[in-house]
Amino acid sequence: MQTDILDDLLSYPKIVKRISDSKDPEATRKKVIANFKEMRAINSPSYMKSMEKFFDATLPRLYDGISYKENDTDLRALLEKDSVVLVPNHQSHADYIAINYKFFKEYKRMLYVAGGDNLNIFPIGKIFRKSGCFFIRRSFQNDILYKFTMEAYLFALLKRKEPIEFFFEGGRTRSGKLRPPKYGLYQMLLEAHSHLPNAKERGLAFVPVSIAHEYVPEQKALAKEMMGGKKKKESTGQLFGLLKLMAYQFGKIHINLGKPQYAYKLDDPDENKKHVRDLAFKCFRSVGDQMVITPTNLLVLILLDEPTGALKWTDIILKAQAILEYCKSYNIPFTDGLKDSLLEDSIGRAMDILIGNNKVDVIGQKEVGSSLFYSIKKDSRGELLFFKNTIVHHFIIPWTISLAWFNVFSGEIENADCLKQFFIKQRSLLKMEFYLPTVKQYYSKTLKILSNVVGRDIANLNEAIEFTNKDLYEVASKLSIFARSLTYINEAYFVSALTLESFQKNNVSFKTADYMKRFADVYSAEIQTQRVIRFPESQNVELMKTALQYFEQVGVLGYEDNSYYVADRDKLADFIESTEKILLDQLKLNFKVV
């Protein structure tokens, strides 16, 4: 079979031309074959059946199961009809195992998965290769023959209607938030597909796949990187070290398919470039929309929103029910285990995992009639932020409304224009962290949420400003469950602004390393006072960097001679004043969940 794939690869028009036009065709041909052997996956049905049996026996010891849902996508029919490319997000090395295992289990076919050549290390590389992984160099811009060989390999797989998969983020997320898509493989697949003899008749379907883990085996290492630790290069010891973690229980893995996105290469290069970008973001948005609420990320969301205190079990369940009611209203997916009578047992299982993995403290005596309280350990908050970040994008708009309505309630926001400006400012900040709805979509969903909360149609923000005190209370109380969901981001940007102010007061320019060090000092001083800053997870490297980018983008910072300087002192002062007020207002919020 490998010979057949090689024959198809060598028939790729770009390869044929490259070989024939070279000064030494035979040497070029040998180089192409060497590239192929370096990258290829090895299809071994007997090996895949053995691995299936192995994982049948071992996975139940590690996980509570793998939930796999096609939703409205008939993947079996799609595989028969078209060329299929799965495009999942990437949370863990366990993604490779979960998706490939489930795919083979369901369809009895090997899935060809693009992986970085950093995983091609002895002996794990051989296992990956025989499980369907083909290896791609991290960078090959200056090696055009390698690029053509990779296109040709994709061409050979598409010609044979082999299912392909690549992780569109390009690597594992360190924060839990979806990373922007990389365009390279989208581009190469469209190019390869365009050279198929029947390209016009053979559809090329990109199927978005969202994968969510109840617990990620390598989460502690990912959290260290997010909080500033140096990324460790993958090694055999590191990958096999993950096996030591298999003594833990990791709950369930949830795999959900989205709607297939069909695409073809366009003739105009500029139009095709835009077409590729649009395709990548359609898949990205679909994955985000399908990112499921699990017992673990729901529990972490609830516990992390209590920065200094602890929660009773009854309060946790009430908050969970309120969040799930919101999810039902706006078609946000959640696992079957969170439905109705199963909710408390599922949250209990998630709590057991967090307690067992030493991430949550249980406060109180386990005696009849006494109350137990649950609180995330301070040194685990940054680590567990990963799970909150996988779903928090679902709640951006109710969070923003909750912030705004406190100001409407107090009279700080007096008219629709002020309200619009408040939304625009918060959206401007958050777009550094998430891929957001358009402004029009933002307002449309805001009006829909307000209408649902007050029980009548709200056509515009002018009507919202005229709400009675009862209406205002309904909005504030029903959305208060989300009031602190993204506060850690506002805190990080506030500390960043104070850091910039300290440089500005001394009238000095600074480099990124200076900023990062000063940020840590300012944060430490602020959280010790407990005046405004309450969330330990607001100090992390990713937020420090995106805050710096934000202030440069909005004109607060200038950059010259390889250094930053404060370019607009008034704008910086306004940001500090308004954000400090928002944070102080949030500390005053004390609405009951209704």
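Details
- Total residues in the range 48-57, condition over 31 Å from the mean Cα position of the chain (by Cα) and either surrounded by 15 or more Cβ atoms within 10 Å (Cβ to Cβ) or not hydroxyl-bearing (Ser, Thr, Tyr) (or both): 2
- Out of ARG160, ARG137, ARG172, ARG129, one residue alone is touching an Asp or Glu at 6+ places or on another chain (Cβ under 6 Å) and of a type in the set (D, E, K, R). It is ARG137.
- Unmet requirement for GLY115, which otherwise passes all of (1) in contact (Cβ under 8 Å) with a residue 60 or more places away in the chain; (2) open to solvent by less than 40 Å² (accessible area, probe 1.4 Å): (1)
- Selection count, the range 42-83, where residues are in a helix (DSSP H, G or I) and not hydrophobic (A, V, I, L, M, F, W, C): 14
- In the range 382-413, the residues that are buried (at least 22 other Cβ atoms within 10 Å of the Cβ), over 14 Å from ARG484 (Cα atoms) and among the charged types (D, E, K, R): GLU383
- Residue in the range 73-83 that is at pLDDT 90 or above, open to solvent by 50 Å² or more (accessible area, probe 1.4 Å) and within 26 Å of the chain's Cα centre (by Cα) present: yes
- Selection over the range 334-367 of residues that are free of Cβ contacts under 8 Å to residues at least 60 places away in the same chain, in a loop (DSSP other than H, G, I, E, B) and touching a strand residue (DSSP E or B) at 6+ places or on another chain (Cβ under 8 Å) gives a count of 2.
- Hey, ILE99 buried (at least 22 other Cβ atoms within 10 Å of the Cβ) and touching a residue at least 12 places away in the same chain (Cβ under 8 Å) or not: yes
- Here LEU154 does not qualify as of a type in the set (A, V, I, L, M, F, W, C), open to solvent by 10 Å² or more (accessible area, probe 1.4 Å) and within 23 Å of GLU80 (Cα to Cα).
- When we screen GLN187, GLN141 for residues that are surrounded by fewer than 22 Cβ atoms within 10 Å (Cβ to Cβ), under 28 Å from the mean Cα position of the chain (by Cα) and free of Cβ contacts under 8 Å to residues at least 12 places away in the same chain, the only hit is GLN141.
- Some residue of the range 529-537 being in contact (Cβ under 8 Å) with a residue 40 or more places away in the chain, out of contact with any Asp or Glu (no Cβ under 7 Å at 6 or more places or on another chain) and part of a helix (DSSP H, G or I): yes
- Verdict on SER451 being open to solvent by 10 Å² or more (accessible area, probe 1.4 Å), over 28 Å from the mean Cα position of the chain (by Cα) and small (Gly, Ala, Ser): yes
- Here GLN504 fulfils each of the conditions (1) under 28 Å from the mean Cα position of the chain (by Cα); (2) in contact (Cβ under 8 Å) with a residue 24 or more places away in the chain apart from (1).
- Any chance ILE332 is surrounded by fewer than 21 Cβ atoms within 10 Å (Cβ to Cβ), within 30 Å of GLN421 (Cα to Cα) and not aromatic (Phe, Trp, Tyr): yes
- Of residues in the range 84-120 being assigned to a loop (DSSP other than H, G, I, E, B) and touching a strand residue (DSSP E or B) at 6+ places or on another chain (Cβ under 7 Å), the one modelled with the lowest pLDDT: ASN120
- Of residues in the range 554-572 being part of a helix (DSSP H, G or I) and either touching a Gly at 6+ places or on another chain (Cβ under 6 Å) or free of Cβ contacts under 8 Å to residues at least 60 places away in the same chain (or both), the one farthest from LYS431 (Cα to Cα): ASP570
- Residues of the range 311-329 satisfying the condition of being more than 25 Å from GLU70 (Cα to Cα) and exposed (fewer than 13 other Cβ atoms within 10 Å of the Cβ): THR314
- Unique match (being in contact (Cβ under 8 Å) with a residue 12 or more places away in the chain, of a type outside the set (Asp, Glu), open to solvent by 10 Å² or more (accessible area, probe 1.4 Å) and assigned to a loop (DSSP other than H, G, I, E, B)) among GLY170, GLY176: GLY170
- Total residues in the range 7-32, condition touching a residue at least 24 places away in the same chain (Cβ under 8 Å) and either more than 22 Å from LEU196 (Cβ to Cβ) or among the basic types (Lys, Arg) (or both): 4
- Failed criterion for ASN331 (all others in (1) assigned to a helix (DSSP H, G or I); (2) closer than 30 Å to ALA205 by Cα; (3) within 22 Å of the chain's Cα centre (by Cα) hold): (1)
The values are calculated or read from the model by the stated rules, or taken from the named source; none is laboratory data. Values in this document were obtained by computation on a predicted structure and should not be read as measured data. Using ideal geometry, Cβ is built from the backbone for each residue, glycine included, and neighbour counts are taken over all protein chains shown. With ligands, DNA and RNA removed, areas are computed over all heavy atoms of the protein, side chains included. Shrake-Rupley method; radii C 1.70, N 1.55, O 1.52, S 1.80 Å.
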